[in-house]
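Laboratory data are not the source of any read-out in this text; all were calculated from the coordinates shown. Source: prediction; values computed, not measured. With ideal geometry, Cβ positions are generated from the backbone for all residues, glycine too; neighbour counts draw on all protein chains shown.
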Amino acid sequence: MRVLVDWDIPPVEQTVIDAWPAGIEVIEGGSKLTVEEKLKLAPSIDVQTGLMRVINRPFIDAATRLKLVHMTGHGVDLLMRNGIPDLMQQRGIRIATAHAGDIPIAEYAIMAMVMLSRQVLRSHAALTSRGKWESQRGPELFGSTLCIVGFGSIGKATAVRARAFGMQVGMVTLHPERHEDHDLAFAHTYADIDKALAVSDYVLVTAPLTSITNGLMDAGRFAAMKPGSYLVCITRGPLIVERALYEALQSGHLAGAAMDGWWREEEDGTGRDGYPADLPLHQFNMLMTPHNSGTTFGTRQRAIRLIGDNIGRLMRGEPLINEVAPHDLKKMAV
């Protein structure tokens, strides 16, 4: 089983990869191979694994014996284009995600809610740049209501931690009936999202970017949010309409926001440089981070172990963990 590990492998990760099942030949990609060299190798590759942006149509076309594409992260939205879902379905190429970042991303969500409520960034800036001891009273998480939009592994992990802080938790998802055992304050479909927004002190957006969620949080949705509430978005930027977010913060209707995913993140990674928005969001009570909410040592270790586990399952003909069916990918296409 020839596996293209499409990143530069540091020593700390090599030890985890060395523990993968016997019978796997690892080929290191990343900066070690040019695009041309990868295409030349493609016909001999059984599994490709890496970030979403390294998975592309030319490689899949050339990889005639490809059996599995395995993401190191959670998302699959960059595969919803260039006819990739149809091609994978036609050739029986399987797709799986690592889903290893739910723990740190849930921790990030809690951190963001606390920081926004206490206006930590403003207090820090005032103290360090001007020597001013400024503070304002803000709400506590205890006794407040959190709406989680998208109730996958990240949403569930956040719900556990939010309840530990004394929060009530509700959610919005495609199929709320599948989550009746999660002791939720409310459960709505996207058609009724405004009902959830109206009663929530904090809104956490974790849903993937799909045809349903693209532009989900527009001016109407921000207007539906409870006055003085907070938004935390750990998913793709295009779920949020930038101008609508800016105006909600500017008017004070939204008390604060945190974003970790942005509108300027190109497929090849070149967009990940410079200010990530067209509008000056930082002037408000706004936490801005460079898509690193899940970037921890633990995330990476879990991801690589899971990829090895799934390759072993593929070799043995067993069900894969976190598999995404190509027909589901087609339904999600933006």
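In percent, how large is the relative contact order of the range 1-152, given Cα pairs closer than 8 Å and 6 or more residues apart?
The value is 16 percent.
Mind checking the log10 I(q)/I(0) for the range 102-288 at q = 0.14, 0.16, 0.17, 0.19 Å⁻¹? Debye, one equal scatterer per Cα, no solvent, two decimals.
The Debye formula, applied to the Cα set alone, gives -0.75, -0.98, -1.11, -1.37.
In a GNM of the chain with a 10 Å cut-off on Cα contacts, which of 111, 225, 217 has the highest mean-square fluctuation?
111
Compare the peptides 165-172, 55-62 by average per-residue count of other Cβ atoms within 10 angstrom and give them in order, highest first.
165-172, 55-62
Put +1 on the Cβ of each Lys and Arg and -1 on the Cβ of each Asp and Glu in the chain; which of 72, 39, 103 then has its Cα farthest toward the positive end of the dipole?
Positive-end residue among those listed: 103.
Ranked highest first by the average count of other Cβ atoms within 10 Å around their residues, in what order do 227-233, 117-123 fall?
Ranked by mean Cβ neighbours within 10 Å, highest first: 227-233, 117-123.
Whose amide H sits under 5 Å from the amide H of residue 232, counting only residues 5 or more places off or on another chain, with H placed in the peptide plane?
203, 204, 205, 258
Place a +1 charge on the Cβ of each Lys and Arg in the range 102-288 and a -1 charge on the Cβ of each Asp and Glu, then give the dipole magnitude about the Cα centre in debye, rounded to the nearest 20.
Dipole size: approximately 700 debye.
Mind jotting down the distance between the C-alpha centroids of the range 228-266 and the range 57-75, whole Å?
32 Å
Take the Cα pairs of the range 1-48, get the Kirkwood Rh, then feed it into Stokes-Einstein at 4 °C and 1.567 mPa s and tell me D in µm²/s.
Translational D for this selection: 116 µm²/s.
Among 154, 304, what is the fewest-to-most ranking by other Cβ atoms within 10 Å? Kindly include the intermediate steps, with their values, before the conclusion.
On the way: 154 27, 304 24.
Lowest count first: 304, 154.
Could you give the C-alpha radius of gyration of the range 67-167 expressed as a fraction of 2.2 N^0.38 Å, taking N as the number of residues it contains? Let's see the in-between values first.
Details: Rg = 20.2 Å, N = 101, 2.2 N^0.38 = 12.7 Å.
The value comes to 1.59.
Per DSSP H run of n ≥ 4, the term is -39500 (n - 2.57); total these for the chain, divide by its residue number, and report the mean residue ellipticity at 222 nm rounded to 500 deg cm²/dmol.
The helix-only estimate for the chain comes to -10500 deg cm²/dmol at 222 nm.
Taking only the Cα atoms of the chain, how large is their convex hull per residue, in Å³?
149 Å³
Roughly how big is the chain's charge dipole about its Cα centre, with Cβ charges of +1 (Lys, Arg) and -1 (Asp, Glu), in debye to the nearest 20? Let's see the in-between values first.
On the way: 34 positive and 37 negative charges, 42 e Å.
My answer is approximately 200 debye.
Say we join alpha carbon atoms closer than 10 Å with springs in a Gaussian network model of the chain; which of 69, 114, 12 then has the biggest fluctuation?
12
Taking the chain as the reference, fit the longest principal axis to its C-alpha atoms, fit the long axis of helix 120-130 to the helix C-alpha atoms, and give the angle between the two in degrees, 0 to 90, nearest 10.
80 degrees
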